[in-house]
Amino acid sequence: MHEYTQFYINGQWVDPVTPRTLEVINPATEQACGVISIGSAADVDLAVAAARKAFDTYGYSARQERIDLLASCVAVYEKRFNDVAAAISEEMGAPKKLAVEAQAMAGFGHLQEALRVLKEFKFEEDLGPHRVFKEPIGVCGLITPWNWPVNQIGCKVAPALAVGCTMILKPSEVAPLSAYVWTQIMDEAGVPAGVFNLVNGDGPGVGTALSQHPDVDMMSFTGSTRAGTLVAQNAAPTVKRVAQELGGKSPNIILDDADLEAAVTRGVLHMYNNTGQSCNAPSRMLVPRAMLEQAEEIAKAVTASVVVGDPQDDKTTMGPVVSEVQFNKIQGLIEKGIEEGAKLVVGGPGRPEGIDKGYFIRPTVFSNVNNDMTIAREEIFGPVLVMIPYDTEEEAIRVGNDTPYGLAGYVQSGDIEHARKVASRIRAGNVHINGASGGFDVPFGGFKQSGNGREWGAHGFTDFLEIKAVEGYAA
């Protein structure tokens, strides 16, 4: 049982202003694995004051000072790498292999990438006799989700540190253990007092207080579109910048010249990765109608290879979803798919056979789905794939774009020029051709209701910078 009941404010571990605790539930066992404190506006006030004071110094720090600091963060993170992975697996149910090779590695990668970018980043540009400066925006409120907890902490904290911002992190109260390990890393690495602060809490309490706070200059939020709109509304009266990475219902268009076996296999396995709890999951597979029956058989066979079970078992390839709330939501949407007439290819309601506890979902594939069905419109955020048949390529593109979201898109083709042509018409921030995936230097973010701004790499610095033009600088 982890007892993490203090917050990290101004370089010190401190008790909350008003004691209030919350149990952290291990989703594989349904048992408490930790306890945290839930903060309030009073805690936020203390953290913001510390960050504001620290910005007076850190905001004007030398590049080399920040390079040295990030290098120290990288070194300490590497030392604590296995602790990060273990916390993620325990708090949100990621299988050990995924927790190590993807989840914990993502936080490490973002720190390394921010260090690399910082060494060469151009903070100044001359336009004739004038100079344009890129300066840190100031105090940043960072709200991160439970599905890729350290990935999202890393892709916010690392660039903010790199450019000279100070910050207050509110991780998800559902999966907060890895954020504590991250904070211990920041402390050991020597992040100056007040530059990085941690306040645990829920959205209505800490999230709202951060978003509304007049001394917070920017909010960076990752989570649901519903919650993201609330952050923006709360931030509007103080006209602070709001960067959002929100939901998705990403199309995976399999073209008629694709290797069907490879394309469907890739799409199904990607959908089950992280138990479907990824905002950019390829959750709508668009298949030529003539190939649909064959695609269903491939999907069914691939699903049979998935091993659902204890995240600590080396054989497990898919763990539970994160909470009872998510479990019930997904079960309801599976039932809705059946009710609305979709063809259940494999899976369905209930836990997998032989599992009687934990928030485990049967990996599920629906077919003969039309894009007006609930399961084609709503972000299920679980291991549920919908297969939508199409008759023409134009129809596939139209249906693919027929969503309020625009985070990711996927195109499968045996002809790269064909794939590029279709990819150019997908309205999404990231489009993947034949399973290609970007590195930590590739911008990540969405169109439409999937958010605004970009994270990762040099593009991830931009949201944390203000532009100042000094006219006549060279005169």
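Things worth noting here:
- Contact map, the range 67-80: first residue of a type in the set (S, T, Y), second residue in a loop (DSSP other than H, G, I, E, B) and at pLDDT 95 or above, Cβ cut-off under 8 Å, separation 6 or more or different chains; pairs are S72/G190.
- Search result, residues across the range 175-201 that are part of a helix (DSSP H, G or I) and touching a Pro at 6+ places or on another chain (Cβ under 6 Å): S178, A179
- Within the set A86, A71, A99, the sole residue that is of a type in the set (A, V, I, L, M, F, W, C), surrounded by 24 or more Cβ atoms within 10 Å (Cβ to Cβ) and touching a helix residue (DSSP H, G or I) at 6+ places or on another chain (Cβ under 8 Å) turns out to be A99.
- Among residues of the range 440-461 that are at positive phi, those with a Cβ under 6 angstrom from a residue that is among the hydrophobic types (A, V, I, L, M, F, W, C) and in a helix (DSSP H, G or I), sequence gap 6+ or separate chain, pair up as W456/C155.
- Hey, V48 surrounded by 21 or more Cβ atoms within 10 Å (Cβ to Cβ), among the aliphatic types (A, V, I, L, M) and either within 30 Å of D356 (Cα to Cα) or in contact with a Leu (Cβ under 9 Å, 6 or more places away or on another chain) (or both) or not: yes
- Helices (runs of 4 or more DSSP H) wholly inside the range 219-331 that include at least 1 residues being at pLDDT below 95 and open to solvent by 10 Å² or more (accessible area, probe 1.4 Å): 225-235
- Here no strands (runs of 3 or more DSSP E) wholly within the range 58-171 include at least 3 residues being under 15 Å from F196 (Cβ atoms) and among the basic types (K, R).
- Of the residues making up the range 334-370, those that are surrounded by 19 or more Cβ atoms within 10 Å (Cβ to Cβ), more than 23 Å from N252 (Cα to Cα) and not small (G, A, S) number 2.
- The set of residues in the range 103-124 being open to solvent by less than 30 Å² (accessible area, probe 1.4 Å) and closer than 30 Å to V322 by Cα consists of Q103, A104, A106, G107, F108, G109, H110, L111, E113, A114.
- Helices (runs of 4 or more DSSP H) lying entirely in the range 371-475 (those with 3 or more residues that are at pLDDT 95 or above, over 26 Å from A342 (Cα atoms) and open to solvent by 10 Å² or more (accessible area, probe 1.4 Å)): 416-423, 457-462
- Which listed residue, of V206, V150, V174, V139, is open to solvent by 10 Å² or more (accessible area, probe 1.4 Å), of a type in the set (V, I, T) and touching a residue at least 40 places away in the same chain (Cβ under 8 Å): V174
The values are calculated or read from the model by the stated rules, or taken from the named source; none is laboratory data. Here the structure is a predicted model, which means the values were calculated and not measured. Cβ coordinates were reconstructed from backbone atoms using ideal geometry, including for glycine residues, and neighbour counts include every protein chain displayed. Areas reflect the complete protein model, heavy atoms only, side chains present, ligands, DNA and RNA absent. Shrake-Rupley method; radii C 1.70, N 1.55, O 1.52, S 1.80 Å.
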